[in-house]
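See structure below.
The values are calculated or read from the model by the stated rules, or taken from the named source; none is laboratory data. Because the structure is a prediction, the values reported are computed rather than measured. Glycine also receives a Cβ, built like all others from the backbone with ideal geometry; neighbour counts cover every protein chain displayed. The accessibility values were calculated without ligands, DNA or RNA, using every heavy atom of the protein model including side chains. Shrake-Rupley method; radii C 1.70, N 1.55, O 1.52, S 1.80 Å.
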Amino acid sequence: VYEKILEVIAVCDFSTRDRIVELLSNSNLEDLELAGIMPFINNEQKYKVLAQYLDNTTDYEQIEEIICFLDNDHKHLVLDYMLNEENDMEQVIEYLPFLNNEHKDRLIDYLINYEMTDFDIEDLLVFLNKEQKNRLLSNMKEFMDYDTLEDLAPFLDNETLHEYVIKYIEEENDEDISGLYPFLSNASLVLLKNYYVEHKMLDELSDLFDFM
């Protein structure tokens, strides 16, 4: 049936396409090649077909093939389904080049609310603007380890890094964070210097002086 639909839909009028979409909306669409039908239906019809497809799949393998046919509302629907299904975050990140700032804000909210860190955050950051990066990383500081923080230092602004330094001091931490030194402001370096002096952390103090 699906093969016949793909053969005739290009020459059907609007009302016929609407009836086809209604038929598809009551079917399991995992076996339908969505890329074959999307160019010939309007946005409202796409929404119905897409919602039915998403209701019946968990792999989203066809989304990559049809995302160029989707508008922002469609993409929002795809993102919501993928997040609600707790999909592999790396798969979600694959679609970031096609998403707008509103979609990305939705994703950031999800990552913060669920304290998600089991993905390569650097792959995400390259698609975010400065405000989004700061909001994400500033909120993730409560559950991000210092090794991860050092990897992300080039993406962080002075204020966010300063907050990390304050947290480090308040925890009376003694981990090696020398990887952060090149990215810290003078104010942050002075805080660390005073902390190292107070706790007699002479090796750390010696390394720190190279950046002051």
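Values as computed for the structure displayed
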quantity: Sulfur and carbon atoms: percent of accessible area, the range 2-54 [1.4 Å]; calculated: 50
quantity: Local net charge near Tyr47, Cβ-Cβ under 15 Å (Lys/Arg +1, Asp/Glu -1); calculated: -3
quantity: Net charge contributed by nearby residues that have their C-beta within less than 11 Å of Tyr2 (K/R +1, D/E -1); calculated: -4
quantity: Surrounding net charge for Leu208, when Lys and Arg each add one and Asp and Glu each subtract one, Cβ distance under 12 Å; calculated: -4
quantity: CD proxy at 222 nm, helix term only [per DSSP H run n ≥ 4: -39500 (n - 2.57); per residue of the chain; nearest 500]; calculated: -17000 deg cm²/dmol
quantity: Subset of Lys46/Lys75; Lys167/Lys193; Lys46/Lys133 violating a 21 Å alpha-carbon distance limit; calculated: Lys46/Lys133
quantity: Centre separation in Å (Cα based) which lies between the range 98-123 and the range 1-71; calculated: 28
quantity: Contact order relative to length of the range 115-204, as percent, for alpha carbon pairs under 8 angstrom and 6 or more apart; calculated: 26
quantity: Inter-site label distance for Thr148 and Glu64 at 7 Å from Cα along Cβ, in nm; calculated: 2.6
quantity: Overall form of the range 148-191 per C-alpha gyration tensor (a/c, 1.5; a/b vs b/c); calculated: oblate
quantity: Gained length - Asp55 relative to Glu163, 0.36 nm times residue gap less alpha-carbon distance; calculated: 34.6 nm
quantity: Cα gyration tensor shape of the range 1-80, rounded if a/c is under 1.5, else prolate or oblate by comparing a/b with b/c; calculated: prolate
quantity: From the coordinates shown, volume of the Cα convex hull per residue in Å³ corresponds to which of (i) 217; (ii) 110; (iii) 96; calculated: (ii)
quantity: Cα-based shape type of the range 103-145, given that a ≥ b ≥ c are square roots of the gyration tensor eigenvalues and the cut on a/c is 1.5; calculated: rounded
